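This report concerns only the one structure given below.
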Amino acid sequence: MDTPKTEAQLAALIKQAHVDKTPLRIRGGGTRADLGRPAQPASVLSTQGLSGITLYDPGALTMIPQAGTPMAEIEAALDAENQMLAFEPIDYRGLLASTGEPTIGGTVAANISGPRRVLVGACRDFVLGVRFVTGEGDTVKNGGRVMKNVTGLDLSKLQCGAYGGLGVLTEISMKVMPKPQAAMTLVFEGFTVKQGLALLRKALGTPFELAGAAFLPGATSRTCLRIEGLKTQVDYRMKNLAALSSGPSKIVTGDEHDALWKSIRDVAPFHGSDKPVWRLSVKPSAAADIAAALETALGAEAFFDWGGGLIWLQTPDATAEIAQQIRAEIAPHGGYATLIRGSAQQRAVLDVFQPQAPHLAKISQQLRDQFDPAGVLNPGLMAA
């Protein structure tokens, strides 16, 4: 495994791989090594040597870390200034039973976003600029330290969710946010899936700005509405949201509140198992019917985030027939399904990511040909 210490060393290694047509497996902290199709025979290129916070300006709400910087280091620096990464990235170690330390480069490359996305947007919405190395070994800088409207290609956003296939990130300029003064969660108990998701959609349609909207099934189901902001505002919004339903409810604060949303963020209900787990992005109004159909047909288990827009689905197995059934169920609603947890054998024979329509697949391949003409960066990770 090569672990370059500088961007120039990284570029030189990639340039040589391009010349030799040697496939490279790009690796950060290794916590999501089992996400995507299994690794093809390749040399491992680690970004962990590119570590450290280059610039942090709390007053300007801007941070520029190198790609291999551990998330724990970034969060510690932000905690000291009472700030945060508002997109609340998932820690996949519990779900995937992996070790290591997640890095900011891997987080951005996979566009990892958590429950607060329903209010503030995804990881990509907080990326101000990037530096990256193409598959030919060329260094590219795009964006800067402020959010502004410009013409031309937004290469920063293009790298988010590309899983290293369009370039290897070396540095990211991020927008950070102050932590909220107060945070509470209103929990309604005992609703059916349809009742709970209907309440979440109704609450999201109010002006009271939910920072989280999740439904957790169980013997006593929980419909969770998270509110953040100034203390007086939170109290006012909480009172109005409680009036949306006459069902039994309670307010959760403090450590219990934090533990609840960490559990939702990290998909804790499905920890400690090796059953396949799928991430379904769907139309919120269709979520209850989709989940019910799959639970009946497959014996699946589900819980819901983003007001029903995100379904975490655990199935007893992952076969071509099951994958087809899941994607056929969500197809009328324009959603997509990604296999997040599965064995190497399952991930080798299934479409881990939602198959693209032919015209989109053509555009994706054209982009890949432009940024990595020899196909040396993470070949086979997203598609065969």
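The values are calculated or read from the model by the stated rules, or taken from the named source; none is laboratory data. Just so we're clear, the structure is a prediction, and the values are computed from it rather than from any experiment. Ideal geometry is used to build each Cβ from the backbone, glycine not excepted, and the neighbour counts take in all protein chains shown.
Key figures for this structure:
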quantity	calculated
Residues located in the stretch 329-384, provided they are in a loop (DSSP other than H, G, I, E, B), in contact (Cβ under 8 Å) with a residue 24 or more places away in the chain and small (G, A, S)	G334, G335, G342, S343, A374, G375, G380, A383, A384
T107 of a type in the set (V, I, T) and surrounded by fewer than 19 Cβ atoms within 10 Å (Cβ to Cβ)	no
One residue from S273, S263, S246 being closer than 29 Å to M184 by Cα, part of a loop (DSSP other than H, G, I, E, B) and either among the hydroxyl-bearing types (S, T, Y) or not assigned by TED's automatic domain parsing to the domain that holds G205 (or both)	S246
Count of the stretch 294-308 residues which are of a type in the set (D, E, K, R) and crowded, with 19+ Cβ neighbours inside 10 Å	2
Residue pairs meeting the criteria (Cβ under 9 Å; at least 6 apart or on separate chains; first in the same structural domain as T107 (by TED's automatic domain parsing) and part of a helix (DSSP H, G or I), in the stretch 156-174; second buried (at least 21 other Cβ atoms within 10 Å of the Cβ) and of a type in the set (G, A, S))	S156/S173; L158/G167; Q159/A109; Q159/G167
Which numbered condition D317 fails, given (1) closer than 17 Å to L95 by Cβ; (2) part of a loop (DSSP other than H, G, I, E, B)	(1)
Single match in S285, S273 (criterion: exposed (fewer than 15 other Cβ atoms within 10 Å of the Cβ) and farther than 15 Å from A214 by Cα)	S273
Residue match in the stretch 59-69 (condition: under 15 Å from E171 (Cα atoms), assigned by TED's automatic domain parsing to the domain that holds P115, surrounded by 21 or more Cβ atoms within 10 Å (Cβ to Cβ) and of a type in the set (S, T, N, Q))	yes
Qualifying residue in the stretch 123-130 (condition: surrounded by fewer than 21 Cβ atoms within 10 Å (Cβ to Cβ) and in a loop (DSSP other than H, G, I, E, B))	no
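Residues are listed down the side, and each one gets a yes or a no for (1) on the phi < 0 side of the Ramachandran plot; (2) touching a strand residue (DSSP E or B) at 6+ places or on another chain (Cβ under 7 Å); (3) among the aromatic types (F, W, Y); (4) surrounded by fewer than 18 Cβ atoms within 10 Å (Cβ to Cβ):
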residue: F215; (1), (2), (3), (4): yes, yes, yes, no
residue: T220; (1), (2), (3), (4): yes, yes, no, yes
residue: D235; (1), (2), (3), (4): yes, no, no, yes
residue: S245; (1), (2), (3), (4): yes, yes, no, no
residue: K250; (1), (2), (3), (4): yes, yes, no, yes
